[in-house]
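Written below as structure tokens is the structure these notes are about.
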Amino acid sequence: MLTKDGYALTLHRIPQYNTSTTAGSSACGIYSRRPVVFLLAGIYASSDAWLLNGRENSLPYLLWRQGYDIWLGNNRGNIYTRRNVWYNATEREFWNFSWHEMSIYDMPAMVDYIMQCTGEAKMHFVGISQGGTVFLVLNSMLPQYNGVFKTAHLLAPVAYVSNTKGGLAKIFGPILGTRNYVAKVLEGMEMVSTNKFVKKFLSSLCFENERPMVCVSRLWPAVGYDT
């Protein structure tokens, strides 16, 4: 679906199928009408982050087996949503956004589409980190959406960063969180590219035969010194 400012978003779905001719039918297919759960991942992540623990242990599959209609969202700029009707992903204008635009443009577009597609007027929401931030901003800036959600489950939500303990966040937070020269230079850039060099660097952070805590400790300067 398209947002009001031209970004083409991708939603992934794990529906409850029903081959009966009396099942609910819409432009999205013929499926059983079941309670909807909408999941949104965190910063730099996409919908497939929810599935990394495999079919037996990933939250979407666990909920699906309990009879829920599962929708996995993607915000602008991640690997599934790199198209805009006016700008290419190689242009600075494409990247000139933040979680604010994700909240007032992306979230309404996805929520409205899910409701239209399923015929359900309310849904459950689960968000990780920035996914929780986007949810909080949506319901603050567009309060009419408060009535859409039956429940909200925010995992490691970020509302304020003043109490963060991560060293890098303490250094760069004040710089990136205010209008200054550095922020101006970076506002039209993709902060973490998905090119092969970045992937190689990330894959080198953890080695096959080392203890998990050794790998985790390399993240501490960025995320805080806490297991």
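The values are calculated or read from the model by the stated rules, or taken from the named source; none is laboratory data. In this text the structure is predicted, and so the values were computed from the model without any measurement. In this analysis, Cβ positions are derived from the backbone assuming ideal geometry, glycine residues included, and neighbour counts consider all displayed protein chains. Just the protein is used for accessible areas: all its heavy atoms, side chains included, with ligands, DNA and RNA removed. Shrake-Rupley method; radii C 1.70, N 1.55, O 1.52, S 1.80 Å.
What to note about this one:
- Meeting the requirement of 3 or more residues that are out of contact with any helix residue (DSSP H, G or I) (no Cβ under 8 Å at 6 or more places or on another chain), the helices (runs of 4 or more DSSP H) wholly within the stretch 187-227 are 196-203, 212-217.
- Tabulated pairs, the stretch 105-130, first farther than 20 Å from ARG33 by Cα and touching a residue at least 24 places away in the same chain (Cβ under 8 Å), second basic (Lys, Arg) and open to solvent by 40 Å² or more (accessible area, probe 1.4 Å), C-beta under 7 angstrom, 6+ apart or interchain: TYR105/LYS4
- Screening VAL192, VAL137, VAL216 for residues that are farther than 16 Å from GLY42 by Cα and open to solvent by less than 70 Å² (accessible area, probe 1.4 Å) leaves exactly one candidate, VAL216.
- One residue stands out among those in the stretch 15-48 that are of a type in the set (A, V, I, L, M) and over 20 Å from VAL148 (Cα atoms): the one that is modelled with the lowest pLDDT, which is ALA23.
- Just so you know, in the stretch 47-77 the residues that are assigned to a helix (DSSP H, G or I) and in contact (Cβ under 8 Å) with a residue 60 or more places away in the chain include one that is most open to solvent (accessible area, probe 1.4 Å), and it is LEU59.
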